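Worksheet: one structure, shown below.
The values are calculated or read from the model by the stated rules, or taken from the named source; none is laboratory data. Here the structure is a predicted model, which means the values were calculated and not measured. When we count neighbours, we look across all protein chains shown, and the Cβ atoms used for this are built from the backbone with ideal geometry, even at glycine. Just the protein is used for accessible areas: all its heavy atoms, side chains included, with ligands, DNA and RNA removed. Shrake-Rupley method; radii C 1.70, N 1.55, O 1.52, S 1.80 Å.
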Amino acid sequence: MKFFLSIFFCFTSISFSKTLDTLAPGQTLKDDNGETLVSTGQTFKFGFFSPWNSTNRYAGIWFKNVPQQTVVWVANKDSPLTDSSGVLNITSTGNIVILNSHSGITIWAANSSAKNPVLQLLNTGNLVLNDGGYSSHAWQSFDHPCDTLLPGMKLGWNLRNNQSWFLTSWKSLQDPSTGEFTYKLDPRGLPQIVLRRGSEIIYRSGPWDGVRFGGDSPLHQNAVFKPIFVYNTSFVYYTYENNDSSIISRFVVNQSAGSIDHLTWSQRGKYWVNIVTMQRDECDMYEHCGPYGICNIDKPSPPCDCPTGFTPKVAQDWNVLDWSGGCVLKTPLNCSANEGFRKFSGLKLPDNSQILISKTAMRSEECKAACLGNCSCVGYAETDGSGCVGWFGEMLDIREYDEGGQDLFIRMAASELGSNNNDKRTVAIVSVSSVAFVVLLLVSVSWFFIRKKMIRRSKAQRLRINNPNQDYKPSVSEEDVELPLFDFHTIASATNNFSFTNKIGEGGFGPVYKGKLSTGQQIAVKRLSKDSRQGLKEFKNEVILIAKLQHRNLVRLLGCYIHGEDRMLIYEYVPNRSLNLYIFDQTRGTALDWGKRFDIIVGIARGLLYLHRDSRLRIIHRDLKASNILLDSEMNPKISDFGLARTFGGDQTEANTTRVIGTYGYMSPEYAIDGLFSLKSDVFSFGVLVLEIVSGKKNRGFYHPDHDYNLLGHAWKLWNEGRIMELMDALMEKPVLESEILRCIQVGLLCVAQRPEDRPAMSSVLLMLDSDDASLPEPQQPGFYTERFLAEADSSSTGKRQYATNEVTITMLQGR
Ligand SMILES: *[C@@H]1O[C@H](CO)[C@@H](O)[C@H](O)[C@H]1NC(C)=O
Ligand SMILES: *[C@@H]1O[C@H](CO)[C@@H](O)[C@H](O)[C@H]1NC(C)=O
């Protein structure tokens, strides 16, 4: 009886100890009793565990509420126990030790000390040794990171005692001992975080610019956590906090890929979702383009280029895609008096910067003079946080972004410094802001009138839209599934496990990866981000319908993958990337002569007509723009992302849509303002595209020294002044067919008319483009020709702007 009683007590004491979050001297945590500490908020557990399929025992911390054991910290990572003999206790002097209870040998010690020690597992995941009344901890696990950074942990330096916090990957999934990857902050020059494999640098974040790393790391744009960078005389470190205390998230150095991932636990899906990988794509591979080489992922392959004034060091190597030699100046420096600097914008600044002037309030001329005055200074940059920095020796690991990034000034001989300076932009900004008030006034007035008109029209439209399905019933049974469903492993192995080196872009709906099936076929995989609220059945139905659309000017959908919320679309791979990379680029623009451009315009018109009229469905694209026009190996245009707007977003039956999909600069007034769209909104976007192709200029961000119109306004002005041929892209090879250009411009202007009813249907557009002698109607005043601030308002593709009074935004399934 006594024996049973003692067993009973023994069990109760175990279950009691499980709810404790503290351990005092004299108390122990025994592995063979399964004893653990649990933080008061029930988020973390501390105890003994075996990783994956290993039998070794380690003491560590893991998430209590994540079923698949996820360890965030390990005490004895380099000295495992081989059985469950481990015991953890606190000595009276405050040292935390783990003993092998059979042999009595100490296998790990924290080397901590305290007078009145109490060990406590906090709900942040920090295991701390408190010392009686002292407010700071005598020891804490947060000071000894392993491979994981939890919210509140630091990655950086305490500059007062030269202590560094850095991450080290595990050796493998079953072995937490020191692996080959380290992610450590480098405080010299502009502080940045560097990932090494052994001693070799394989990635660097680039310097913190006040909001983000490297000018464009994806860290700052997420709903889950807030990145924080602290830089003062005592500390320099990176940390983050979750936006919501119920979120479970972690930042980890992956032991196999060396990727640095920020993951969050999906309560619904019960899996870890990777929301950010620090390395975005191949341009983040360290020194991918060699010294002075500039990597730009948005260029058609190859991504490497030399900056203006430079030339490949070994041209033969560049021709066979070996960029490691990098670039050299066309005219070498000799430190003569008439050297100067050329400005390059939108960059991730090169590695190995050195502080030239550390004060932040410094004039540009001081920074320039500091670099110019030292013959070994090859370039400089001015930064908000760190003052003026310079580079000595070769500039390494530069990448260029389409948006974001920082300015770099590179030293070169006077002969290389053209008159082509960027100073005009400042003038433009000043003049824009000074007319902003007037423009604002104009817009509010026209807005008022447009709205008034739209309200009348929207009533009529709503009648039609309310029941879009009435005479078209998608009836897709499992038997008609013609769309191959891919399995995850096929896609994963085709894309190298969604490796960042295979990532070729980030669309409005999620990342896009290039891949190769085992058959050799090249594919593009679009992984939809997980905020679709659409049901599985509707998604499948619509994907199947879209897969049935086939036209030589549409990108072909090959199949899809669906698993819970994880959805992917698999497309044919189109080698020459997108139209915007050609028409808006000084050098590549010359590759497109007028004949090619005309074929592209006609091809887009054909594809669009098919979507609007000839396909079984009537599809309104809603986001037609240059970057959604892909070019195959013969430069034939293929419209992409059609129908995505309807498969994704799930807004086709809701009357109160808040998600306006589209891109400013291409959106028709009635759509941007009232959220109303029709076939004619696509016609508007097509018109913008035509004018962009002819002129080689972007509508959004268009700048002209003489006026403040955007490209549409500029074209309208030239048209009225009888100087319309001046719109033509000066880069285009001569001779050109003037009558054809004129016709295209006129069609473009007709398409961007303010009122939708003044715009032609796509069938008439094709007729007008095709016939030499048809007399075209006179264009009307374009919509959105002055509202440059609207066009330049913050937005990416699928701008998620909320519109207070959104009428019906949809159409889509209209029967015929
Ligand atoms: C590293 O990546 C692999 C493959 O994606 C994954 O299975 C593993 O869990 C990751 N490791 C960590 C520590 O997250
Ligand atoms: C130029 O700058 C480098 C790096 O700061 C420094 O080591 C060198 O002494 C300077 N040279 C001259 C001539 O000032």
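A few points about this structure:
- Residues listed by number, the range 63-85, amide nitrogen under 17 Å from SER177 label point at 7 Å toward C-beta: 74-83
- Fraction of accessible area attributable to carbon and sulfur, the range 140-261 (%, probe 1.4 Å): 47 percent
- The overall shape of the range 145-278 is oblate: from the C-alpha gyration tensor, with semi-axes ordered a ≥ b ≥ c, the ratio a/c is 1.5 or greater and a/b is no larger than b/c.
- The smallest convex shape that holds all Cα atoms of the range 259-386, its convex hull, gives 158 Å³ per residue.
- Rolling a 1.4 Å probe across all protein chains gives ASP772 an accessible area of roughly 130 Å².
- Cross-link pairs beyond the 19 Å C-alpha cut-off, checked among LYS697/LYS717; LYS596/LYS697; LYS548/LYS638; LYS299/LYS698; LYS77/LYS115; LYS171/LYS226: LYS77/LYS115; LYS171/LYS226
- Between MET362 and VAL66, the contour length at 0.36 nm per residue exceeds the Cα-Cα span by 101.5 nm.
- Accessible surface calculations at 1.4 Å, restricted to protein heavy atoms, place the range 271-383 at 45 Å² per residue.
- Rolling a 1.4 Å probe across all protein chains gives ASP773 an accessible area of roughly 140 Å².
- A dipole drawn for the range 283-416 from +1 and -1 charges on Cβ atoms has a positive end, and of CYS289, LEU333, PHE392 the residue lying farthest that way is LEU333.
- Carbon plus sulfur fraction of accessible area for the range 659-748, probe 1.4 Å, in percent: 53 percent
- Three-way shape label, the range 16-143, alpha-carbon gyration tensor, a/c 1.5: oblate
- Rounded, prolate or oblate (a/c below 1.5 giving rounded, otherwise prolate when a/b exceeds b/c) for the range 718-785 by Cα gyration tensor: oblate
- Scoring 268-275, 390-397 by mean Cβ neighbours within 10 Å over their residues and listing the highest first yields 390-397, 268-275.
- One chain, two ends: SER234 and ARG160. Fully extended at 0.36 nm per residue, the span grows by 26.1 nm beyond their Cα-Cα distance.
- Part-to-part distance (alpha-carbon centres) for the range 241-317 and the range 111-187, which is given in Å: 26 Å
- Of HIS621, HIS137, the order by accessible heavy-atom surface (1.4 Å probe, DNA, RNA and ligands excluded), from most exposed downward, is HIS137, HIS621.
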